[in-house]
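S.K.: Please see the structure below; I have some questions.
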Amino acid sequence: MHASIILLLPFFSALVILLGHRQLKGAAVLISVGSSIISFIACLFLLAAADDNKVQMLLPFLDIGHLHANIDVLIDKQSRGMMFIVSFIGMLVHIFSLGYMKDDEAKPRFFGALSLFMFSMTGIVLAGNLIMMFIFWELVGLSSYLLIGHWYQKASAAEACKKAFLTNRIGDFGFMIGILLLFGANGGSVNLDDLKTAFATGGPLGVGAPGYHAGFTTAAALCIFLGAVGKSAQFPLHVWLPDAMEGPTPVSALIHAATMVAAGVYMLVRVSFLIEASPLAAEIIAGIGAFTALMAALMATQQNDIKRVLAYSTLSQLGYMVMAVGAVAMHIQHGHQLHGPNPGHPAMFHLYTHAFFKAMLFLGSGAVIYACHHEQDIWKMGGLRKHMPVTFWTFLIGTLALMGLPYITSGFYSKEAILGAAYDSGCSILFHSASLTALLTSFYMMRLVIIAFFGKPRTDSAHHATEVPLIMLLPLVLLAVFSVLSAWDGFATPLQAYKPAHEPPHTTVLAASILAFLIGTGGAIYLYRGKDKDPLSIKLFANKFYFDEIYTVIVRICQDRLAWIVTALERVLVDGLIARLPTAIVARLGAATRMLQGGHMQGYTFLLGGGVIGVIYLVVFVLPRLGH
């Protein structure tokens, strides 16, 4: 019952609002917010219930031959914990939006899209089979398109939502191919439990089983991973995520914290048995994750838009999580096992802690933007610590959690788990890359705090900034508490299934984590304290390694030129020679012969005379020659 409420309530809320928002007006907002609160309460009951660890069918969907794919919900510790994160963050975003969007003329449409987004994300989390997951995967893409493009009158917002939608379609195509590969190899079943059994030793897809082929497993794993590359914005499909900042700030908090971008990591952990069966796939996934994490961290060091700094931070942390998925698979392939009776996954542990402090940081940036009259350039802020004390302290707590303040914030423990996974993978490149990423994270986040909140106000908007209303502060305070306590033993005990079993930390890992924090923080304070302009100017990082420009050139050379050639061939060959030329010849002949049937006597007489002459010529000259 609780799963049905959690899944279907946002759907009916979205349906009612989007169909009748003109008539409902203000009531549409209350319906959306109310549904998010009820869904969260239902999630609490689901979280407290016994762990069934089974699939339950809600609605029949496909039942064709060997294909059985219904609207199933998989109830286990992983889905319970993820649903808590999604529903809790979603509820707080709804409440924050009451203040942030209060003057927006299209509030009903915005809240209707929020409800649709919650329905779509809930479907991914509870999906018991890959077909159901793919359906809701696409609905998340639609929902994000509507939310990012909410202010579609702005050209930048309209372009951003199209960019996000089209980029994700590339990844989704690979995801679909991967599902079809598994569908064909596993006798038509794509249920997660059936696939896990099939990949266990002795199953039809297990290592050493008849028909097993390592190349097929690698291909299926990488195709599935391509879906995560798009949704979780990994290289080379990472370019859509920073531009998604064009949507309202609550949308950024929803997309970047615990929902859309986290869906890719959640899906990879769900199919980790597939990745563990392919050493090559595990190495590729870990490598792409590490590269994305480091690249995005370098980009973040030179961004001046407060939301874009956080966007590239999200990119970097998602790379961390993806790297952990590959690193854990590599660790298992070396003959080791995760410790504990129900060991958590480092990627899911970091996803869990990151959701709280990243949502808090985005909502905090929204409070700053709201107070500064929609100014987003951090160099046009300054001194906000005195004008917005509650926002400052909550933002600082979220920043310290993201940086991994040792032994205090939740981010330290989950970051250490990621570094430990990289260390245990046996690949030193992964560990060194992850350590450097941690250092850069401390650097660019402390840079952001110093420039925006310390020093003197640099503009009138910063000078006259005031604290935001209580309805916007309440979510910040709640998320700040979770940013500190969420990784502590005894806090939200049912969620501790996400936490890897406690082990004495590697001295190397602990030293790298603490040094990264100290060096990055110290470097930012030394360079940016008391500065009114950036002492560093690295255009390569500021211009995002010119990926957008490179992709523009590729599109112009490949797509546009190919389109020109295809259009020319169609107009000249297909449309001109094959279709229009025969038609023109027949039309000309028809027009010429039509003149002989005009109803004029002289025309008929001329035709008769011509025929007589032709017959005489045939009889006198042609036939005798043929006879000889």
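The values are calculated or read from the model by the stated rules, or taken from the named source; none is laboratory data. Predicted model, so just to flag it, every value in this text is computed and none were measured. For neighbour counting, all protein chains shown are included, and Cβ atoms are generated from backbone atoms with ideal geometry for every residue, glycine included.
S.K.: Hey, can you tell me all the residues within the stretch 277-320 that are within 18 Å of the chain's Cα centre (by Cα) and polar (S, T, N, Q)?
M.R.: Thr292, Ser313, Thr314, Ser316, Gln317
S.K.: Would it be correct to say that Ile17 is in contact with a helix residue (DSSP H, G or I) (Cβ under 9 Å, 6 or more places away or on another chain), in contact (Cβ under 8 Å) with a residue 24 or more places away in the chain and surrounded by fewer than 20 Cβ atoms within 10 Å (Cβ to Cβ)?
M.R.: no
S.K.: Yes or no: the stretch 603-619 includes at least one residue that is touching a Leu at 6+ places or on another chain (Cβ under 7 Å) and either of a type in the set (D, E, K, R) or not assigned by TED's automatic domain parsing to the domain that holds Ile170 (or both).
M.R.: yes
S.K.: For the stretch 543-601, what are the residues that are under 30 Å from Met295 (Cα atoms) and of a type in the set (Ser, Thr, Tyr)?
M.R.: Tyr546, Tyr551, Thr552
S.K.: Could I ask something else about it? Inside the stretch 390-472, counting only helices (runs of 4 or more DSSP H) that do not spill past its ends, which hold 3 or more residues that are touching a residue at least 40 places away in the same chain (Cβ under 8 Å) and not hydrophobic (A, V, I, L, M, F, W, C)?
M.R.: 410-424, 428-453
S.K.: Okay, next question. Would you be able to say whether some residue in the stretch 72-95 is charged (D, E, K, R), more than 19 Å from Gly149 (Cα to Cα) and free of Cβ contacts under 8 Å to residues at least 40 places away in the same chain?
M.R.: Looking through the stretch 72-95, at least one residue is charged (D, E, K, R), more than 19 Å from Gly149 (Cα to Cα) and free of Cβ contacts under 8 Å to residues at least 40 places away in the same chain.
S.K.: Now a separate question. Return only the number of the condition from (1) part of a helix (DSSP H, G or I); (2) among the polar types (S, T, N, Q); (3) farther than 29 Å from Leu139 by Cα that Gln303 does not satisfy.
M.R.: The number of the failed condition is (1).
S.K.: Scan the stretch 108-153 for residues that are over 25 Å from Leu180 (Cβ atoms), surrounded by fewer than 20 Cβ atoms within 10 Å (Cβ to Cβ) and touching a helix residue (DSSP H, G or I) at 6+ places or on another chain (Cβ under 9 Å) and jot them down.
M.R.: Arg109, Trp151, Tyr152
S.K.: Could you count how many residues in the stretch 218-249 are assigned to a helix (DSSP H, G or I), over 16 Å from the mean Cα position of the chain (by Cα) and not hydrophobic (A, V, I, L, M, F, W, C)?
M.R.: 2
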